[in-house]
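The numbers here are math on the coordinates, done by the rules we state, and not lab data. Since we're looking at a predicted model, the values are computed, not measured. Cβ sites come from the backbone with ideal geometry, for glycine too, and all protein chains shown count toward neighbours.
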Amino acid sequence: MSQFRLIEPPQADPETREQLEAIQNKLGRLPNMFKGMANAPAVLAAYLGMSEALADSRISARLREQVALAVSERNGCHYCLAAHSALGKMLGLGDAEILANRRGASADEATQAALAFAGVLVAKHGQVGASDVERARQAGFDDGQIAELVGVTVQTIFTNYFNLTAGIPIDFPKAKVLTTA
């Protein structure tokens, strides 16, 4: 049950309504997260601005989803796990890769390095060491791409914390529960 009111476009102020309608037109539906964010137009605008900016990053959409899966698993955000699993599938990720990514793993070395870096960012609350940055560089990421990995990780933490606080109802197919096997 949502702890925040979910605002439909007709209930929103004109600027927020326009943003919600644009999201709905782009995605073909309006996910609950955006309805919850509509309670605070500045929060919705901040999320949309960061999403738009990171969409132009050199980090691929696929890798952005993989990082989001790993971070969302660490933070226990079932809404984001469901959403990023669905988006990952749209980008060609299979079920086995999605589950591995949620565990912070990938058979691809560069992806593995990105997931490890994001995991360290979360675990150390951003206080990574020079050796953490160097491992990302050794995997082929330059300083700009490492900065973009920070951005993707922070954006995911933002949505994780928002969805957990607001109790946003999951409106994507639920993600499978991880097992230790």
Taking segment 47-84, which residues are over 17 Å from residue 164 (Cβ atoms) and in contact (Cβ under 8 Å) with a residue 40 or more places away in the chain?
50, 51, 53, 54, 57, 58, 59, 63, 64, 66, 67
Looking at (1) surrounded by 13 or more Cβ atoms within 10 Å (Cβ to Cβ); (2) without any contact (Cβ under 8 Å) to a residue 24 or more places away in the chain; (3) among the polar types (S, T, N, Q), which is the one condition that is false for residue 16?
(2)
Filter pass, residue 120 being farther than 26 Å from residue 40 by Cβ and either part of a helix (DSSP H, G or I) or not aliphatic (A, V, I, L, M) (or both)
yes
Could you please give the count of residues in segment 11-66 that are touching a helix residue (DSSP H, G or I) at 6+ places or on another chain (Cβ under 8 Å) and among the acidic types (Asp, Glu)?
4
Among the residues of segment 64-84, write down those that are surrounded by fewer than 24 Cβ atoms within 10 Å (Cβ to Cβ) and either in contact with a Cys (Cβ under 6 Å, 6 or more places away or on another chain) or among the small types (Gly, Ala, Ser) (or both).
76, 82
Looking only at residues in segment 107-127 that are closer than 15 Å to residue 154 by Cα and free of Cβ contacts under 8 Å to residues at least 12 places away in the same chain, which one is farthest from the chain's Cα centre (by Cα)?
127
